[in-house]
């Protein structure tokens with residue numbers, strides 16, 4: 001199983017580095033949104049407080 005996951009990790013790393021390289025050379029451009037965009041958390045699932053923190057951001061920081 002570790003061998004299989006290692007191969008998948010190498011493939012994922014290759015595509016991530018290629019994507020970053022394309023952004024660095026401005027062959028791919030980032031899109032500017034017309035509304036606020038906030039990313040909270042990462043790939044951790046459950047129990048890290050993302051939902052309460054997102055609620056806090058919406059109620060305190062994004063009101064006009």
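Every read-out reported here was derived from the displayed coordinates using simple, explicitly stated rules and does not represent laboratory data. As the structure is a prediction and not an experimental result, all values here were calculated from the model. In this analysis, Cβ positions are derived from the backbone assuming ideal geometry, glycine residues included, and neighbour counts consider all displayed protein chains.
Please work out whether the chain counts as rounded, prolate or oblate from its C-alpha gyration tensor, where a ≥ b ≥ c are the square roots of the eigenvalues and a/c under 1.5 means rounded, while otherwise a/b larger than b/c means prolate and anything else oblate? Oblate is the answer for the chain, as a/c is 1.5 or above yet b/c matches or exceeds a/b. With both labels modelled 7 Å from their Cα along Cα-to-Cβ, the residue 19 to residue 58 distance reads 2.6 nm.
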